[in-house]
Each structure stands twice: as structure tokens, then as C-alpha cells.
1. Examine region 7-19 for a residue that is touching a strand residue (DSSP E or B) at 6+ places or on another chain (Cβ under 8 Å), closer than 30 Å to Ser224 by Cβ, surrounded by fewer than 16 Cβ atoms within 10 Å (Cβ to Cβ) and basic (Lys, Arg), and state whether such a residue exists.
2. Got a sec? Which of Ala227, Ala223, Ala245 is within 19 Å of the chain's Cα centre (by Cα), small (Gly, Ala, Ser), more than 19 Å from Leu15 (Cα to Cα) and assigned to a helix (DSSP H, G or I)?
3. Could you list, ordered by first residue, the pairs with Cβ atoms under 6 Å in which the first is in region 127-148 and touching a residue at least 40 places away in the same chain (Cβ under 8 Å) and over 17 Å from Gly82 (Cβ atoms) and the second is in a loop (DSSP other than H, G, I, E, B) and charged (D, E, K, R), at least 6 apart or interchain?
4. Hey, can you tell me all the residues within region 52-72 that are farther than 30 Å from Asp127 by Cβ and buried (at least 19 other Cβ atoms within 10 Å of the Cβ)?
5. Which of (1) part of a strand (DSSP E or B); (2) surrounded by fewer than 16 Cβ atoms within 10 Å (Cβ to Cβ); (3) among the β-branched types (Val, Ile, Thr) does Thr89 not meet, given it meets every other one?
6. Assess whether Glu228 counts as being among the acidic types (Asp, Glu), in contact with a Gly (Cβ under 8 Å, 6 or more places away or on another chain), over 22 Å from Leu122 (Cα atoms) and touching a residue at least 12 places away in the same chain (Cβ under 8 Å).
7. Could you list, in sequence order, all residues of region 175-202 that are among the aromatic types (Phe, Trp, Tyr) and more than 13 Å from Val226 (Cβ to Cβ)?
8. Filter region 86-126 for residues that are among the β-branched types (Val, Ile, Thr), out of contact with any Pro (no Cβ under 9 Å at 6 or more places or on another chain) and touching a residue at least 24 places away in the same chain (Cβ under 8 Å) and give the result.
Amino acid sequence: MTNPSLKEMSNLNPLESHEVHLVGVVGVFCDPETYPTQEGIKSWSEQGVVPVVGIHPRKALTDKGFSKLVEVLQFPEVAGLGEIGLDRTEPAEKWAEQLRKVEQVLTLLQPEHVLVIHCRSLTNLSDESLLTMFYLLRSHPSVSKEQLIHLHCFTGSLDILQKWLEVFPNTYVGFTVMICKSNDYLDMLRKLESSRLLLETDAPYFSPPRCKKSNPYMIGWVASRVAEARGQSWGDLLKLASDNAKRLYIEKLPPVSMYGDESG
């Protein structure tokens, strides 16, 4: 885009069948080489973007990059640390470095931050990387049991999710359309407590058919796919996820209830 903005994104591949009124998005900046300036962060925030800053597990973390992360996290508009995590689609010789990187970046976590987690394994289910990350967070001195956590682009099992919720009860779970590509996720998706559910376009990835790239205005299409899997209307699910996102990123509150409703 010549002038990156939410307004310009609205003109990219509009989806008339799932048109939405976009009231806000979470903008994740996870590459130190392209972190916005303080003015850039302020500009995005004024457009309705809630900024989160971290280091993607696929990105190298240099001393310079770490210093930039420290600086940007101090901007008052920044709501969280992330995404950070483990990505097993990278060569195995890089896995140890990913763990060291997470340990280092977590030292910057503040109680008021939302912690955004990225975990990928080599199979459909990301249980191995999620479990490794779970034990790392549980033992890290910067992470409290009350930490607000956003499991981004979740593709784990119900068993793993329940393990997370037992220790970190203030966890929200984000879904892209990737969750609809395998029956491995259906039981978890249907039994997830409604107040924990978030929807994600993960723009520019996971675009609808005949669209080159995804953008935040395609969240209605994501809602339709996830709602079908859960047996809900996409409008109701979109409203629910919007309320949950506001609670997590604006009000900084835990889920409404700590106990799941299996009907979704």
C-alpha cells in the first residue's frame, strides 16, 4: 500500500457477502526491522488500531533489535508483548535459539501487557510447541498466573487448551480460518467457552478465495467459517468475539467466566 491505513485497506478486495463495520483491530508488529516510530504507533492508534509489539519466532533478535523492542514497548499506546513463541516449521537447529529468544523477551513483560503467543508444530495439532511454551511460561519469573494471554492462531487440542486454562485462567484463544481445515480441531472449537473466543484474519495471510491477500475487513468471512464449525450464526459470533477483544485489549479484563459452556 502506498499509504498504509485502515481506510486504504477497506478498498482492497471487498467482500459484499460478509461486509462488516470495523470498529478496531489489533496490529501486531513483530519484526524489529520494521517497527513503527513513535509517531507511526500514534497514527495507527488514532485510526482504531491497538498496537502490540514483539518478535516473531522466525525473526532474528540482535542486540539492536532488542534495544528497539525495549524502546517501542514503552510507548503508551502499546497494549501488549507479542507475538512471541515457538515455530517448529523452522529447521530443528533453530529451535534452541527460539527458546532462548522467548526467555530473553519475556523479561520485558509487564503486568499490564497482553501476552500474544505464536506456536506451530510439524503436524496439524500444535500440541508439542504449545506444551513446551506452557512449561516455559509457568517457570518464568516475569509471567504470573493472572497474566492476560492471547493464544494467537490456535491449532491445538482440547486437552492442551484445558491444561493452559488450569494454570493461566485469563487466557483468550484466537482463531483464523486455518481452524476449519481439519476435523482435529472440531471438538475443541465447539466446547470452547464463548467468553474466551477471538477471531483473527492474521492479515495478510489466509485470504478468501480469489483474493490475493487478507485484510482486517475480511473478519466477517472468518466469522462465517468459524461459526459454521461451532453451529452459530456468523453475526452473533462476530459480536461475541468483538466484545471479547474489547475486554482483553481495551478494558484489560479476564474472561467473564472461568468455566466452559459446552454448547459454545
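Any read-out appearing in this document is the output of simple, stated calculations on the displayed coordinates, not a laboratory observation. It should be emphasised that the depicted structure is a prediction, and the values quoted were computed from it without experimental measurement. We place every Cβ from the backbone using ideal geometry, glycine too, and count neighbours over all the protein chains shown.
1. no
2. Every option except Ala245 fails the conditions.
3. Correct list of pairs: empty, since none qualify.
4. Passing the criteria: only Val72.
5. Only one criterion is unmet by Thr89, namely (1).
6. Judged against the criteria, Glu228 is not a match.
7. Correct list: empty.
8. Thr89, Val105, Val114, Val116, Ile117
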